[in-house]
Amino acid sequence: MYELTEDYKLRKITKFELDMVDERDDLLIIPPSSKAGPCGNDCVFCYLTQNPPQMIYRVAKHDTLNDPELERRVAYAREHYDLWIRVTDTSANVRFDENRIESLYNAGLDEIQISLHTTKKDVRIKLMHNRNAGKVIDLIPKIVEHFRMIADIILTPGYNVSDIGKILDDLDSFGVHEVRLFPVGVTRFSKTRALTREELLFVKSVALEKQKDLGIEIVIPPIFQALLGEFTTGLEPFDIEMNIPTYILTGELAYPEMKRLFPKLNVVMVRNEVFGGNIGTAGLLTGYDVLRAIKQLPEVDLGILLLPEVMFHGDITLDGWKREELFNRILIEKGYIVETALEPQEIPKILERF
């Protein structure tokens, strides 16, 4: 899988940088460029409005379809690479109509992933606080004529949970090819609540039942599975023992699976106190959370500490810790050499060096 960078180069990516959903190997993602304008929404679940004050790394509200260079980027990718081209990060509420659909089709786009959330126009308007949010519902038949369409549903109590069966029926009747069901992420600064276990089980039950009868592909992503304690990578456990103190730090959601994969190593669950709420993904861990966790580890002459690579955005954590500064502090204060891994299967290769 690949991503087209700002300077029109291919960057190899993994599913851990996307939705953690298994994807086709020849996928090319066209993300929003720095020229992409705002999304025009004020969604009740937007993560940008529920960030803690400690957060330094911030992203502006943007929408890939509100990028004046999108067609040029798609056309470049189509001309130079024999890959499956997908546009993501869009609610399709700005700069999107039948003419734009034709324009993107002519540029060579294969697939579009839209944050749809519901098939009811009035509910989508309320959910996104955008009076134009209902228009894309009428465009769906045109969209699916030209592209493979993925509909993202962020399951939000009071908006789209109780009628998820009707939503799936509607999407199937529209001809949408795939739907992904994401539980709403809630921090301690959120105005919305997280789904209860009963609600998660209800949605899962409906989805599994509908999948038997409908043609649409219904995806329950790993984040959903993890909240139910059902996430697994499908990998066999690694039979690894180390002669020096070794610790693997991970988020709450991945902890049970990492513990299963590395039964002979020390796996430490790091609670996300900066964000709070139901935020337990490794990608949202902060430097503060990591430093708080290692206070409980013994001081050693030499040890190894493995951190999830996804907690770094470039070379900085969400709360502003530079990679080198964080690693040096851990080494000086506790004696651990710090390494990072993006995927569990990278860890054995890293540990072979020690």
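Quick one: what are the phi-derived ³J(HN,Hα) couplings along segment 148-160, Karplus 6.51/-1.76/1.60 with θ = phi - 60°, whole Hz, x for glycine and proline?
6, 10, 10, 9, 8, 10, 8, 6, 10, x, x, 10, 8
Starting from the 7 Å offset along Cα-to-Cβ, what nm value, one decimal, do you get for the label separation of ARG148 and LEU10?
Each label point is offset 7 Å from its Cα along the Cβ direction, giving 1.7 nm.
Report, for the chain, the % of DSSP beta bridges that are antiparallel, rounded to 5.
10
May I ask which residue of CYS46, PRO68, VAL87 lies farthest towards the positive end of the charge dipole of the chain, with charges of +1 (Lys, Arg) and -1 (Asp, Glu) on Cβ and the Cα centre as origin?
The one lying farthest along the dipole's positive direction is CYS46.
For segment 210-354, what is the percent of antiparallel DSSP beta bridges, rounded to the nearest 5?
10
Do the sum for the chain: with -39,500 (n - 2.57) for every DSSP H run of n ≥ 4, divided by all residues, what is the mean residue ellipticity at 222 nm, to the nearest 500 deg cm²/dmol?
So the helix-based figure for the chain works out to -9000 deg cm²/dmol.
Over all alpha-carbon pairs in segment 179-290, figure out the percentage whose distance exceeds 16 Å.
The answer is 67 percent, as a whole percent.
Looking at the chain, which Cys residues are left with no other cysteine's beta carbon under 4.7 Å from theirs?
That list is CYS39.
Using only alpha carbon positions, build the gyration tensor of segment 246-351, then give the equivalent ellipsoid semi-axes as the square roots of 5 times its eigenvalues, largest first, whole angstrom.
18, 17, 13
Which longest uninterrupted range of the chain lacks any GluC sites (Glu not before Pro) assigned by DSSP to a loop state (not H, G, I, E or B) and surrounded by at most 16 other Cβ atoms within 10 Å?
70-229
Each value in this text was obtained by applying a stated rule to the coordinates, not by laboratory testing. None of the values given here were measured: they were computed from a predicted structure. Glycine gets a Cβ as well: all are built from the backbone with ideal geometry, and neighbour counts include every protein chain shown.
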